[in-house]
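The values are calculated or read from the model by the stated rules, or taken from the named source; none is laboratory data. Everything numeric here is computed off the predicted structure, so don't read it as measured data. Cβ atoms come from the backbone with ideal geometry, glycine included; neighbour counts cover every protein chain shown.
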Amino acid sequence: MRHVSDDERRARLAVRHALAVGTQVDSPEAATRAMTVLHATEPATVYLSCWARVESLEIADVDRALYGDRSLVKQLAMRRTLFVFPRELLPAVWPSASARVARFERARMAKEVEQSGLTDNGDDWIERAGAEVLAVLAEAPDGRTAVEVREAIPMINVKAVRTGGAVWAANAVLTHLGANADIVRAGNAGHWRTSRSRLTLMSHWLGEVPSPWDAADGYREIVRRWLYTFGPGTEEDLVWWLGSTKTVIRTALAELDAVAVSLEDGGTGWLLPDDLDEPADPGSWVALLPVLDPTVMGWQGRDFYLGAHREPLFDTRGNAGTTAWVDGRVVGCWTQDDAGVVTVGLLGKVSASARRALDAEASRLTKWLGGLRIGTVYSTPAMKSNRLQV
């Protein structure tokens, strides 16, 4: 069995994730395909993940891809997370990871609306509510905000209270329809770093909507792309990232003729059969990645790039904060002061040349942001700490 060292894994990461000098790509679309998908829970992450990988990126480049060409599309999928997908990957994710989320959301919503006293038949209520939402959006090709949709449909414009907490029925309906690919987050009425999405029908947004693939084919294609981006990865990595089952993962790996390799921690990873060669040495590199960047969130087993720094770089729910990288290892995080100046905080010692390179990258990001401050709800202990070696 071929052995893949942690050094090789870090070299692969640099090249495949378009982070090392000479490997960066030329467009938001290329950056997204390199990463399989981009996290979009926080709108700014999409822009900052592209900035880290695309040479000479402008805000308008990302806006064009998202809202002009619509070559990148936001879709609720793996682990009930909002991602940006390359348009051509949508038919694969709709019947697989997105459908799994949609089924879970529907079952939960049916139970909750019955327990809340809104109806005696949750499935019927969901069908009627969904039909009303689709009818309202059918009359608005340019889309409507979630608030406008709720105000237009009295049956979902409620706060349903049940034992143990409150359930916003309207949000649950919209979440289900989004996972089901009936509706999509279209243009953003707010600033690029904030979320004021307008909802519209998928058919309005894409024009001709491609037919979904078979679920098994969809899972196999997503696993194939993940292996190219993140391989070698373990079954556990894939189960976690895809939010699926071992059966689904093992079937996809078998159909792809994936090759088992041994990892430095003693585990078994998987590579595509045409991706067994060692990568070229990427040389020295640094990167500043945003909250929930797909590189940081790509694996469940993260020791080969986090080392001892897992706890300070993630919040209590496992969400990654900002990260600073040197040669494939996370060495700290970055924050902004009140004036928007980016500062790198270290969790340990780095070489003088690495420190200079990180500071230069921080200056470049400060200039690109132009005084704008990026807020987040995912602050980590490292981001909050005043004890970092700044």
*Give me a count of the residues in region 308-334 that are β-branched (V, I, T), surrounded by fewer than 22 Cβ atoms within 10 Å (Cβ to Cβ) and at pLDDT 90 or above.*
1
*Scan region 224-246 residue by residue and report those that are within 18 Å of A92 (Cβ to Cβ) and among the hydroxyl-bearing types (S, T, Y).*
Y228, T229, S244, T245
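Looking at this structure, is V209 outside any loop (DSSP other than H, G, I, E, B), touching a helix residue (DSSP H, G or I) at 6+ places or on another chain (Cβ under 7 Å) and not charged (D, E, K, R)?
Answer is no for this residue.
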*Has region 179-192 got any residue that is among the charged types (D, E, K, R) and free of Cβ contacts under 8 Å to residues at least 40 places away in the same chain?*
no
*A135 is checked against (1) touching a strand residue (DSSP E or B) at 6+ places or on another chain (Cβ under 9 Å); (2) of a type outside the set (S, T, Y); (3) in a helix (DSSP H, G or I) and fails just one. What number does that condition carry?*
(1)
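Taking into account only those residues within region 287-333 that are charged (D, E, K, R) and outside any strand (DSSP E or B), which is nearest to L227 (Cα to Cα)?
Of everything passing the filter in region 287-333, R302 is nearest to L227 (Cα to Cα).
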_Test of understanding: among V25, V62, V54, which residue is more than 28 Å from A172 (Cα to Cα), touching a Cys at 6+ places or on another chain (Cβ under 7 Å) and among the hydrophobic types (A, V, I, L, M, F, W, C)?_
V62
*Give just the number: which of (1) touching a strand residue (DSSP E or B) at 6+ places or on another chain (Cβ under 6 Å); (2) buried (at least 24 other Cβ atoms within 10 Å of the Cβ) does R87 not satisfy?*
(2)
*Got a sec? Which of W213, W205 is modelled with pLDDT of 90 or more, touching a strand residue (DSSP E or B) at 6+ places or on another chain (Cβ under 6 Å), of a type in the set (F, W, Y) and within 23 Å of E88 (Cβ to Cβ)?*
W205
*Can you find a residue in region 363-373 that is among the polar types (S, T, N, Q), surrounded by 15 or more Cβ atoms within 10 Å (Cβ to Cβ) and modelled with pLDDT of 95 or more?*
yes
*Residues being farther than 22 Å from I59 by Cβ, of a type in the set (G, A, S) and under 22 Å from the mean Cα position of the chain (by Cα): count how many of those fall in region 338-390.*
2
_Restricting region 9-26 to residues that are under 13 Å from S49 (Cβ atoms), of a type outside the set (V, I, T) and without any contact (Cβ under 8 Å) to a residue 60 or more places away in the chain, the residue that is surrounded by the fewest Cβ atoms within 10 Å (Cβ to Cβ)_ = Q24
_Restricting to region 212-240, name every residue that is in contact with a helix residue (DSSP H, G or I) (Cβ under 9 Å, 6 or more places away or on another chain) and assigned to a loop (DSSP other than H, G, I, E, B)._
P212, W213, D214, G231, P232
_Suppose we keep only residues that are under 18 Å from E236 (Cα atoms), under 14 Å from the mean Cα position of the chain (by Cα) and of a type in the set (A, V, I, L, M) within region 281-307. Which one would you say is surrounded by the most Cβ atoms within 10 Å (Cβ to Cβ)?_
V296
*asked:* Regarding region 197-207, can at least one residue be identified that is basic (K, R) and over 30 Å from H3 (Cα atoms)?
replied: yes
